[in-house]
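Trainee: Let me give you the structure first, and then I'll get to my questions.
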Amino acid sequence: MDNLLCLLEKYRCHLNRGNRSSVDFLRDNYSEYISDVKAALSPKDNQLVGAEMCKMVSEQIDTIEKNASLLIEVLELYNKGRIVLASQKAFEVFENMKPQLMQRYSGAYRQEAYFRIRSVNDNNPFALNRKELFHIPFSKNYLVGTERYSMPGHPCLYLASQAELCWYECGKPEKFALSRFDIPQSEDNYMKFIDFSEKLMPLMHSFFCWFHNEEDVEQVRKYLLKYICTYPLRAACSIVVEHPGSRFVEEYTIPQLLLQWVLNDRDFDGIRYESCNSSDEVKCLGGHNLVLVTNNFDKDGYDVNLRANIKVGEPAVFDINSININPNLKDCLMGRDIKEDPFLWGLEDSPNNFEKI
């Protein structure tokens, strides 16, 4: 395998900083990455991708180093309480990287289903209707907490490409409401996302096949270049949380700033991203999450654009303590409790009678 392609295998995300600060961890990570990129540039070590690919990467080394350095500076400024300056510096980085950011249009390759879950319990009663599965209305923005791509007090719409992924991301509730969502995915009506969702190990093998089959090599080279150039930002957005539930989560600094930039940039409808949940089950699911930004709220507190373009299926309630499995599937459990295997609950059968809220 060519050295440049092997970078995708080594520098996958789900990064664990351990007992180091995010600044120290990323500084070391970036330094090693840039050294590896430079060491991988020999054409003789890249017979498949070719000398032209090596030249393209070589011409971007200085830019990669500059952006990595600026991201470290952003975190240092933020840690010193210089939030405004940190935000300005972050926006500068994002503007620098914008031409190389991976972009994905909804429905570009195939129609995708999306889902959202809300936990149901005595402390969280709500009417079982479509609005309750949409984003938190602005009138209740006091409920919006801090998450990786969530700024406290600013509602956004969060979806996942798999109902099972929703369940894990929601903390594995025993009882929950689930709705299927329909987002615009046609040629004349679509949404545009910054895309951090690709699993890099399978992507490495895809690049191998594309280059080997000589499929539009010029475009494939540009595609690979984007991944190599934007790794520092993806890494900064993909550090696993070391102290879940903390009042301040340092791993969220860069992704929250990126979300603010998307809100102001207006070229993107949101961010498509790989889950950074540390559980092994989530890592093996293969799905992705979406955060859809909000800008203009109507009198009911819902985003005007999202309300006009996104349809919601009728919510269905699931209680994992009372789910009955098809007897023919008993062998699939292999002695495990059904409550630990959401793929056997029939979540994918949730109603698709879509309506706008």
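The values are calculated or read from the model by the stated rules, or taken from the named source; none is laboratory data. Everything quoted here is computed from the prediction, not taken from an experiment. Neighbour counts are summed over all protein chains in view; Cβ atoms, including those assigned to glycine, are modelled from backbone coordinates with ideal geometry.
Trainee: Provide a single number: the residues in the stretch 120-144 that are part of a loop (DSSP other than H, G, I, E, B) and of a type outside the set (Phe, Trp, Tyr).
Mentor: Result for the stretch 120-144: 13.
Trainee: Starting from residues that are among the hydroxyl-bearing types (Ser, Thr, Tyr) and modelled with pLDDT under 95, keep the ones in the stretch 82-113 and report whichever is surrounded by the fewest Cβ atoms within 10 Å (Cβ to Cβ).
Mentor: The residue in question is TYR109.
Trainee: Do we find that LEU133 is among the aliphatic types (A, V, I, L, M), crowded, with 18+ Cβ neighbours inside 10 Å and out of contact with any helix residue (DSSP H, G or I) (no Cβ under 8 Å at 6 or more places or on another chain) in this structure?
Mentor: Taking the combined requirement at face value, the residue satisfies it.
Trainee: Any idea how many residues of the stretch 227-250 are within 14 Å of the chain's Cα centre (by Cα) and either surrounded by fewer than 15 Cβ atoms within 10 Å (Cβ to Cβ) or not hydroxyl-bearing (Ser, Thr, Tyr) (or both)?
Mentor: Qualifying residue count for the region: 7.
Trainee: May I ask you to verify whether ARG118 is touching a strand residue (DSSP E or B) at 6+ places or on another chain (Cβ under 6 Å) and surrounded by 13 or more Cβ atoms within 10 Å (Cβ to Cβ)?
Mentor: Yes; evaluated as a whole, the condition is true for this residue.
Trainee: OK, next. Restricted to the stretch 227-270, and to residues that are assigned to a helix (DSSP H, G or I) and touching a Lys or Arg at 6+ places or on another chain (Cβ under 7 Å), which residue is farthest from GLN60 (Cα to Cα)?
Mentor: Within the stretch 227-270, the match that is farthest from GLN60 (Cα to Cα) is TYR252.
Trainee: Within the stretch 308-338, track down each residue that is part of a helix (DSSP H, G or I) and either at pLDDT 80 or above or of a type in the set (S, T, N, Q) (or both).
Mentor: Across the stretch 308-338, the qualifying residues are ALA308, ASN309, ASN328.
Trainee: Here's something else I'd like to know. In the list GLU73, GLU52, which residue meets the criterion of being within 30 Å of HIS243 (Cα to Cα) and acidic (Asp, Glu)?
Mentor: Criteria check complete, one pass: GLU73.
Trainee: So, of the residues in the stretch 284-319 that are surrounded by fewer than 23 Cβ atoms within 10 Å (Cβ to Cβ) and among the acidic types (Asp, Glu), which turns out to be nearest to PRO125 (Cα to Cα)?
Mentor: ASP319
Trainee: Do the conditions hold for LEU8, that is, is it closer than 21 Å to THR63 by Cβ and at pLDDT below 95?
Mentor: yes
Trainee: Examine the stretch 102-122 for a residue that is aliphatic (A, V, I, L, M), under 19 Å from the mean Cα position of the chain (by Cα) and within 24 Å of PHE25 (Cβ to Cβ), and state whether such a residue exists.
Mentor: yes
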